[in-house]
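K.L.:
Here it is, the structure, as structure tokens.
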2 protein chains.
Amino acid sequence: MPDQAVTLKDVARLAGVHPATASRALNPETRPLVNEETSRRVLTAAAELGYRPNAVARSLRTRRTHTVGVLIPDLNNPLFPPIVRGLEDRLDAAGYVALIGNTDGDSTREQRIIEQMRARNVDGFVLATAHLRNPQLGHTAEAGLPVVFMNRIAEDYSFPSVTVDNERGARMAVSHLVALGHERIGYIAGPQDVSTGLTRYRGFQAAMDAAGQEVRGDLVTFASSFSIGEGYRCAQQILSAGGCTAIAAGNDMLAVGCYEALDDAGLSCPRDISVVGFNNMPFIDMLRPPLTTVAFPHYEVGTQAAQLLIEQLNGDEGPVKALFLAPELITRRSTAQVS
Amino acid sequence: MPDQAVTLKDVARLAGVHPATASRALNPETRPLVNEETSRRVLTAAAELGYRPNAVARSLRTRRTHTVGVLIPDLNNPLFPPIVRGLEDRLDAAGYVALIGNTDGDSTREQRIIEQMRARNVDGFVLATAHLRNPQLGHTAEAGLPVVFMNRIAEDYSFPSVTVDNERGARMAVSHLVALGHERIGYIAGPQDVSTGLTRYRGFQAAMDAAGQEVRGDLVTFASSFSIGEGYRCAQQILSAGGCTAIAAGNDMLAVGCYEALDDAGLSCPRDISVVGFNNMPFIDMLRPPLTTVAFPHYEVGTQAAQLLIEQLNGDEGPVKALFLAPELITRRSTAQVS
DNA sequence: TTGTAGGCGTTATCAC
DNA sequence: GTGATAACGCCTACAA
């Protein structure tokens, strides 16, 4: 009850000092400026009154809200919860909170969310929604706000970023299939206007090349989104081309769609067709068969992205950092020796 | 570039009016107070300068941040992303944003998060973490901030809430097993200090009672958390008691643990043992076998909770509302006629 | 070491 | 209908 109303002035009065002195005593940064005995009186008074600084007033004055905007495609994609938690945990440790925005892959919506977040004076942005060519990004950066990319990057490395080494990951997946004796490998590529989709596709091509295998055009399809539905559609297309013994998918969602297409076609995985995904998203190991996929530390993507942003927020100078987390092939039951 | 610096004063100057007038013209609420021609001039000036009101300054003055604190156990639990999205979407439509906090079921942590959110002057709280006896809640409510419970409730209906009719849902699940001819039904109860765990357990008892079946003590186990690990442990315990043909679980996570225990015991679901869950969480239909479970509209839990909070924020008077969403049994392949 | 004063950008309450 | 003024709570030169 003796709450909300307690302000710096109240603390100062109780401690018998001027509000300015109380302010200095309360702030660890400026505390050295004030007499030790005085500052102890202030702290005691503050504790007694249950004083809590008004973050809004402070922000108005300091022009920092200790708030960051985070844009992701969709929280319902199981890949993101662990990433977001990593982000929030690391931000929290530094005194920041995240505002989460879901773009649903809609750039108009994305633009609107960015506007709103800027209206709320976020101190910076973490974007998991980068397109290779990203018009609205210009405005954001132009406004001088720190930006970090995560999971996806734009076309160059002009912004700090945290991603997986997608090309290598895709090569690992495809090489695994090759090692199992597969010679006609299909590929479901993700959207080619985002880095994950494009880079993994390149990894597929590189691995096929290295194995001396021909990439058959009719066994490669392009999904318009990383969704189960698109995975289903693309898989059907590959199956109708005929003759393939394994399918690599641009991510786990596409692989799940692939499972459904195999089911509908009366085919068994891995007996008839091997399938490999990418992401190792939560619960993907509970599918039947458990999916072979390329893993990376989701939580760490979040913590590292937060870290990069915090460094910028702290004004740390230095070159733009691009972090590449190492992918790891997780072999489960969806891939087998070609029969 | 001609950005951040543009303030109300600038707009006023360009429009040739006093800042106070510009403020009135810009705010739809107060616009009627100002001459139409004048207000047009102001709006034009604002548009020309790319004016965006400073939310922080406004908050300091109006004492409203249009921010709400949302506490959930863990975003990694697949149940929550859709709920959170519903919440955010509805809040967004009303001009609010959510601050998400994960408590990990730790009440110390919860307390800390609540403190932080209050320091940020959130306008209200939505809690998905209620315990039946909830000490810290007192403080929160005491401070006069609106609170809404979602998914779980506390011991009485003194706060607005949105939940599923858990008892009915559990009865539906158990009755389904009874209808399939099962006579020795095991139950993995969730934690009894939260409403979902307790109420569903009561539903189980009620259904058994209605069916004239005895509840065998050795076939009922209590999980200390809604986790896969606890589901595994409890299922093993039930299996070692022997003689049961079906297991109902307090939620889907527990049911997943149950699947693993059956696997390890070399038992087949549903041939040897039928399993039914609760929640119909995302991707649960991709398990093998697809899980029979009790569904409810996740997204709507979020939108309704947001709605209840917004009503309070708007000062709408009236009785405390407790919304119960209807559960629905989703019959899949994990339950079968007793053999 | 502490007090003074001004202002961050808005909005509410007066007058006119 | 509009302008002047003060205040929201805090921070920070600058002065003492």
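The values are calculated or read from the model by the stated rules, or taken from the named source; none is laboratory data. Source: prediction; values computed, not measured. Here the Cβ is made from the backbone with ideal geometry for all residues, glycine too, and neighbour counts use every protein chain on show. Keep in mind that these areas ignore ligands, DNA and RNA; they rest on the heavy atoms of the full protein, side chains included. Shrake-Rupley method; radii C 1.70, N 1.55, O 1.52, S 1.80 Å.
K.L.:
Where Rh is the Kirkwood radius over the Cα pairs of region A:262-339, the temperature 10 °C and the viscosity 1.306 mPa s, what D in µm²/s does Stokes-Einstein return? Walk me through the intermediate numbers first.
P.N.:
Working: Rh = 15.1 Å.
Here the translational diffusion coefficient equals 105 µm²/s.
K.L.:
Let me ask something else. What is the magnitude of the charge dipole of chain B about its Cα centre, with +1 placed on the Cβ of each Lys and Arg, -1 on the Cβ of each Asp and Glu, and no other charges, expressed in debye to the nearest 20? Don't skip to the answer; put the middle values down first.
P.N.:
Details: 31 positive and 37 negative charges, 181 e Å.
Value, rounded to 20: 860 debye.
K.L.:
What size of dipole, in debye to the nearest 20, comes out for region B:142-253 about its Cα centre when the only charges are +1 on Lys and Arg C-beta atoms and -1 on Asp and Glu C-beta atoms?
P.N.:
Numbers: 8 positive and 12 negative charges, 60 e Å.
It works out to roughly 300 debye.
K.L.:
Which residues' amide hydrogens lie under 5 Å from the amide hydrogen of A:V148, considering only partners 5 or more residues apart or on another chain, with H built in the peptide plane?
P.N.:
A:F125, A:V126, A:L127
K.L.:
Relative to the first principal axis of the alpha-carbon coordinates of chain B, what is the inclination of helix B:80-93, with its axis defined by its Cα atoms, in degrees from 0 to 90 and to the nearest 10?
P.N.:
20 degrees
K.L.:
Considering the rotation that carries chain A onto chain B, locate the chain A residue whose Cβ comes closest to its axis and report the distance in whole Å.
P.N.:
A:R288, 2
K.L.:
Measuring label to label, 7 Å along Cα→Cβ, what does B:V320 give against each other copy in nm, shortest first?
P.N.:
In ascending order, 5.4 nm.
K.L.:
I need the shape label for region A:198-253. Rule: rounded when a/c is under 1.5, else prolate if a/b > b/c, else oblate, with a, b, c from the alpha carbon gyration tensor. If you can, show how the numbers build up before the last one.
P.N.:
Working: a/c = 2.34, a/b = 1.29, b/c = 1.81.
Oblate, since a/c reaches 1.5 and b/c is not below a/b.
K.L.:
Over chain A, what is the percentage of antiparallel beta bridges among all DSSP beta bridges, to the nearest 5?
P.N.:
Details: 3 of 34 bridges.
If we restrict to bridges inside chain A, about 10 percent are antiparallel.
K.L.:
If I take the Cα coordinates of chain A and project them onto the principal axes, what are the three extents in Å, biggest first?
P.N.:
86, 38, 32
K.L.:
Rounded to the nearest 100 Å², what's the accessible area chains A and B bury against each other, both chains counted, probe 1.4 Å?
P.N.:
Numbers: alone 16640 and 16600 Å², together 28930 Å².
Roughly 4300 Å² of accessible surface disappears when A and B pair.
K.L.:
Let me ask another. Once you list every other residue whose beta carbon is under 15 Å from the beta carbon of B:V320, what net charge do they have if Lys and Arg are +1 and Asp and Glu are -1? Walk me through the numbers on the way to the answer.
P.N.:
On the way: positive: B:K321; negative: B:E155, B:D156, B:E311, B:D316, B:E317.
Around B:V320, the charge tally is -4.
K.L.:
Regarding region B:72-194, what's the average projected area of the Cα-atom convex hull, expressed in nm²? Write out the running numbers ahead of the final one.
P.N.:
Details: hull surface 36.4 nm².
If you wrap the Cα atoms of region B:72-194 in a convex hull and average its projections, you get 9.1 nm².
K.L.:
Tell me whether region B:146-200 comes out rounded, prolate or oblate; compute the Cα gyration tensor, take square roots of the eigenvalues as a ≥ b ≥ c, and use a/c under 1.5 as the rounded threshold.
P.N.:
Numbers: a/c = 4.46, a/b = 2.45, b/c = 1.82.
Prolate, because a/c is 1.5 or more and a/b exceeds b/c.
K.L.:
Placing the label point 7 Å from Cα along the Cα-to-Cβ direction, what are the distances from A:H18 to the equivalent spots in the other copies, shortest first, in nm to one decimal?
P.N.:
3.2
K.L.:
Per residue, how much accessible area does the protein assembly as shown show when a 1.4 Å probe rolls over the protein heavy atoms, in square angstrom? Show your work: numbers first, answer last.
P.N.:
On the way: 28930 Å² over 678 residues.
Each residue of the protein assembly as shown exposes 43 Å² on average to a 1.4 Å probe.
K.L.:
Placing unit charges on C-beta atoms (Lys and Arg positive, Asp and Glu negative, everything else neutral), compute the dipole magnitude of the protein assembly as shown about its Cα centre in debye, rounded to 20.
P.N.:
Numbers: 62 positive and 74 negative charges, 305 e Å.
So the magnitude is around 1460 debye.
K.L.:
Once you order the gyration tensor axes a ≥ b ≥ c over the Cα atoms, which shape class does region A:166-296 get: rounded for a/c under 1.5, otherwise prolate or oblate by comparing a/b with b/c? Provide the component values of the computation, followed by the final result.
P.N.:
Numbers: a/c = 1.24, a/b = 1.09, b/c = 1.14.
In terms of gyration-tensor shape, rounded.
K.L.:
For region B:269-339 and region B:1-74, what is the centre-to-centre distance using only Cα atoms, to the nearest Å?
P.N.:
That distance is 43 Å.
K.L.:
Here is a further query. Take the protein assembly as shown, drop everything but the C-alpha atoms, weight them equally and run the Debye formula without solvent; then report log10 I(q)/I(0) at 0.08, 0.10, 0.12 Å⁻¹ to two decimals.
P.N.:
Results for the protein assembly as shown at q = 0.08, 0.10, 0.12 Å⁻¹ read -0.72, -1.06, -1.34.
K.L.:
Between 0 and 90 degrees, rounded to the nearest ten: what's the tilt of helix B:228-241 against the longest Cα principal axis of chain B?
P.N.:
The two axes meet at around 20 degrees.
K.L.:
Now for a separate question. Considering the dipole of the protein assembly as shown built from charges on the beta carbon (Lys and Arg +1, Asp and Glu -1) around the Cα centre, which of B:Y232, A:G86, A:P282 is farthest to its positive end?
P.N.:
Sorting the options by dipole projection puts first A:G86.
K.L.:
Moving on to the next point. Where does region A:8-53 land on Rg/Rh, using Cα atoms and the Kirkwood Rh? If you can, show how the numbers build up before the last one.
P.N.:
Working: Rg = 8.9 Å, Rh = 9.9 Å.
With Rh from the inverse mean 1/r over Cα pairs, Rg/Rh is 0.90.
K.L.:
Follow-up question, since we're still on this one. Which order do A:Y201, A:Y299 take by accessible area at a 1.4 Å probe, largest first? Could you put the intermediate results ahead of the total?
P.N.:
Numbers: A:Y201 40, A:Y299 105 Å².
Heavy-atom accessible area, descending, gives A:Y299, A:Y201.
K.L.:
Using a 1.4 angstrom probe on heavy atoms only, work out the carbon and sulfur share of the accessible area of region B:207-339 in %.
P.N.:
Working: 2670 of 5510 Å².
Taking all protein chains in place, region B:207-339 shows 49 percent carbon and sulfur surface.
K.L.:
Of A:N54, A:V11, A:T292, whose Cα points farthest to the positive end of the dipole of chain A (charges on the beta-carbon: +1 Lys, Arg; -1 Asp, Glu; origin at the Cα centre)?
P.N.:
In chain A, that residue is A:V11.
K.L.:
Suppose you put the label 7 Å out from Cα in the Cβ direction; list, shortest first and in nm with one decimal, how far A:G217 is from each other copy's label.
P.N.:
Label point to label point, same position, other copies: 7.5 nm.
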